[in-house]
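Working notes for the structure below.
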Amino acid sequence: MKKLVTHSLIALTLPALIASGSQALAAEKSSAERAIEYRESIMNIFSWNLKAMGSVVKGESAYDQAAFAQHAADLAAAARLNLLAGFPEGSDEGETGAKAEVWMTPDDFKEKYQALQTKSEALVSAAASGNLDAIRPAFGDTANSCKECHKAYKE
Ligand code: HEC
């Protein structure tokens, strides 16, 4: 249904956009909207992997060492992305859950991101050991670094 609506909107607006020449650019996303999408995409990669591991740690899913190690590796790899580039000035407005504090205390925001990088790397090492007793605290530290940042910077 959503697709249909979108299509008919395009059918309605496309001729008008073509007619108005350069105004066709107006249909593109703003750089702030693209930055918001970029950072939320990274967050969703974090969440996908963290949830899968959380379910194992809580005993809701069986522990499979290789699968768990893959989730840990993917989370750490995503945490190496330049997330901070997804928070440019001016992207505090619109469809975002980011608080204005991100831009008010950028050094602290960066430190909280670095904490996730460190903790997720430690989780990769723990996951390689295959020992759930080592994995649990390393998982807890990683999940905490998400929470610490969200508490301060996410609505
Ligand atoms: C350095 C700070 C920081 C860290 C660390 C962090 N987040 Fe976020 N997260 C945010 C901010 C800010 C937002 C709001 C972004 C927006 O909506 O523009 C957010 C949004 C999200 C969202 C919502 C995305 C959406 O589509 O609206 C999810 C899910 C999420 N984070 C998961 C995680 C998980 C899981 C971790 C840890 C593995 C994590 N985050 C670590 C700051 C952080």
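Are any residues in the range 39-61 more than 8 Å from the ligand (Cβ to nearest atom) and within 17 Å of ALA138 (Cβ to Cβ), and if so, which ones? ALA52, MET53, GLY54, SER55, VAL56, VAL57, LYS58, GLY59, listed by residue number. Screening ASP64, ASP92, ASP74 for residues that are farther than 18 Å from ALA152 by Cα, more than 8 Å from the ligand (Cβ to nearest atom) and over 13 Å from the mean Cα position of the chain (by Cα) leaves exactly one candidate, ASP64.
Checked against the criteria, LYS29 counts as at pLDDT below 95, surrounded by fewer than 15 Cβ atoms within 10 Å (Cβ to Cβ), more than 15 Å from the chain's Cα centre (by Cα) and outside any helix (DSSP H, G or I).
Only one of the listed residues (LEU81, LEU123) is closer than 20 Å to ASP64 by Cβ and more than 7 Å from the ligand (Cβ to nearest atom). That residue is LEU123. Scanning the range 61-71 for residues that are polar (S, T, N, Q), free of Cβ contacts under 8 Å to residues at least 12 places away in the same chain and assigned to a helix (DSSP H, G or I) yields one hit, GLN70. Hey, any hits in the range 76-92 for a residue that's touching a Cys at 6+ places or on another chain (Cβ under 9 Å) and surrounded by 18 or more Cβ atoms within 10 Å (Cβ to Cβ)? Looking through the range 76-92, none of the residues is touching a Cys at 6+ places or on another chain (Cβ under 9 Å) and surrounded by 18 or more Cβ atoms within 10 Å (Cβ to Cβ). Identify the residue in the range 133-151 that is more than 8 Å from the ligand (Cβ to nearest atom) and surrounded by 16 or more Cβ atoms within 10 Å (Cβ to Cβ) and, among all such residues, is farthest from GLN65 (Cα to Cα). The selected residue is ASP141. When SER41 is tested against (1) among the hydroxyl-bearing types (Ser, Thr, Tyr); (2) assigned to a helix (DSSP H, G or I); (3) surrounded by 14 or more Cβ atoms within 10 Å (Cβ to Cβ), only condition (3) is not met.
Summed over the range 82-120, the residues that are touching a strand residue (DSSP E or B) at 6+ places or on another chain (Cβ under 8 Å) and under 19 Å from LYS147 (Cα atoms) give a count of 4. Within the range 122-153, the residues that satisfy the criterion of being small (Gly, Ala, Ser) and farther than 15 Å from ASP74 by Cα are SER129, GLY130, ALA134, ALA138, GLY140, SER145, ALA152.
For the range 113-155, the set of residues classified as among the β-branched types (Val, Ile, Thr) and under 17 Å from the mean Cα position of the chain (by Cα) consists of THR118, THR142, listed by residue number. Does ALA77 qualify as being more than 29 Å from ARG34 (Cα to Cα) and free of Cβ contacts under 8 Å to residues at least 24 places away in the same chain? In short, no.
The values are calculated or read from the model by the stated rules, or taken from the named source; none is laboratory data. All values reported here derive from a predicted model rather than from experimental measurement. Cβ atoms come from the backbone with ideal geometry, glycine included; neighbour counts cover every protein chain shown.
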